[in-house]
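Written below as structure tokens is the structure these notes are about.
The values are calculated or read from the model by the stated rules, or taken from the named source; none is laboratory data. Keep in mind that this is a model prediction, so the values were computed, not measured. Because the Cβ atoms are built from the backbone with ideal geometry, glycine has one as well, and the counts that use them run over all protein chains shown. SASA here: full protein model, heavy atoms, side chains in, ligands and nucleic acids out. Shrake-Rupley method; radii C 1.70, N 1.55, O 1.52, S 1.80 Å.
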Amino acid sequence: VDHIRDRLVLQVFQGHKMPLLFDERTQVFRDGKAASLDEVQAGERAYVDTMLDGTDIFARSIRIEKPAGGGQSSGQVVEYRPESGELVLRDSITTDSVKMRLAPSVAIQRGDQVTKSAELMAGTLVSLTFSPGANEPVIIEITILASPGEGYTFSGQVAALDVTRGLLVLEDNARHKSYDLYFDPSSRQLASSLKLDANVTAKTQFDGRQYRVREVTLAPANTN
């Protein structure tokens with residue numbers, strides 16, 4: 001952790017080292033409670049929500065939690081092989097593909113519902129918990145975050161807006177998460193209704209790569 005250059009190096013899943021930038025906008029949480037950037041120390045287990053800042057990767061939030069026997073990861077399913085239980089995952093930070101294996105008793109969920117491994121189609125976004133294995137990490141739990149072609153609704157505050165790229169970054173303060181949503185830059189009516197710090201609800205469709213905005217509703221102004 002380099003507080004002079006506002007930089008940290010994260011050793012991510014399977015040993016890759018990833019340099020990340022941070023500043024006063026970066027939110028830090030320790031065991032679910034708000035913390036300070038000064039509390040981030042080398043050697044701690046951290047889960048980082050990131051975004052591209054030019055050619056650099058910027059840390060929007062850092063969650064520090066107590067060490068566990070296994071680990072957590074998130075990314076996009078490249079391929080699932082049901083005959084062997086092997087899952088090829090593209091890591092969300094490094095974009096490298098890694099091979100993992102589903103435990104026989106793996107728990108697969110979509111929201112609050114238990115589901116089956118058949119839903120692990122290519123392009124599906126997942127988060128997972130794994131433990132060390134003899135040859136490959138063994139997945140204990142999987143949560144399906146998004147499947148290609150399905151619709152999703154997000155609510156929160158506009159944290160960043162790039163009309164040229166058609167990028168809307170929505171921050172959900174209640175869940176300490178932010179989401180990159182994309183809209184058609186030529187849609188002037190939609191772009192003109194978006195303002196920084198505005199509270200909005202966005203209806204989107206996941207196309208296998210991005211959440212594409214279909215409709216945005218602004219929360220009514222507080223007159224109190």
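Taking a sphere under 13 Å around the Cβ of residue 178 and counting the other residues whose Cβ falls inside, with K and R at +1 and D and E at -1, yields a net charge of +1.
Within straight-line reach of residue 195, meaning a Cα separation under 23 Å, sit the following lysines at least 8 residues removed in sequence or on another chain: 177, 203.
When P(r) over Cα pairs in 10 Å bins from 0, in percent is calculated directly from the model, which label among (1) 7, 22, 26, 23, 14, 6, 2, 0; (2) 7, 29, 34, 24, 6, 0, 0; (3) 8, 25, 25, 19, 13, 7, 2, 0 fits? The listed entry that was calculated here is (2). Find out how many positive minus negative residues lie around residue 202, taking Lys and Arg as positive, Asp and Glu as negative, among other residues whose Cβ is under 9 Å from that of residue 202. Charge balance near residue 202 sits at +1.
Which aspartates and glutamates have a Cα less than 19 Å from the Cα of residue 116, not counting those fewer than 8 places away in the same chain? Cα-Cα hits under 19 Å: 79, 83, 86, 141, 150. The longest stretch of the chain left intact once loop-based trypsin sites (Lys or Arg not before Pro) with at most 15 other Cβ atoms within 10 Å are removed from consideration, loops following DSSP, is 26-115.
Where only DSSP H runs of four or more residues are counted, the chain gives -500 deg cm²/dmol as its mean residue ellipticity at 222 nm, each run worth -39500 (n - 2.57). How large a share of the accessible area of the range 25-138, in percent, is made up of carbon and sulfur atoms when the probe is 1.4 Å and the other protein chains stay in place? Carbon and sulfur together cover 49 percent of it.
The residue list 217, 84, 74 was ranked by how far each Cα lies along the charge dipole of the range 65-218 toward its positive end, using unit charges on Cβ atoms, and 217 comes out on top. For the pair residue 163 and residue 192 in one chain, pulling the backbone fully straight at 0.36 nm per residue adds 9.5 nm over the alpha carbon distance. Taking Cβ atoms as reference points and 12 Å as the exclusive limit, the residues near residue 165 contribute a net charge of -3, counting Lys and Arg as +1 and Asp and Glu as -1.
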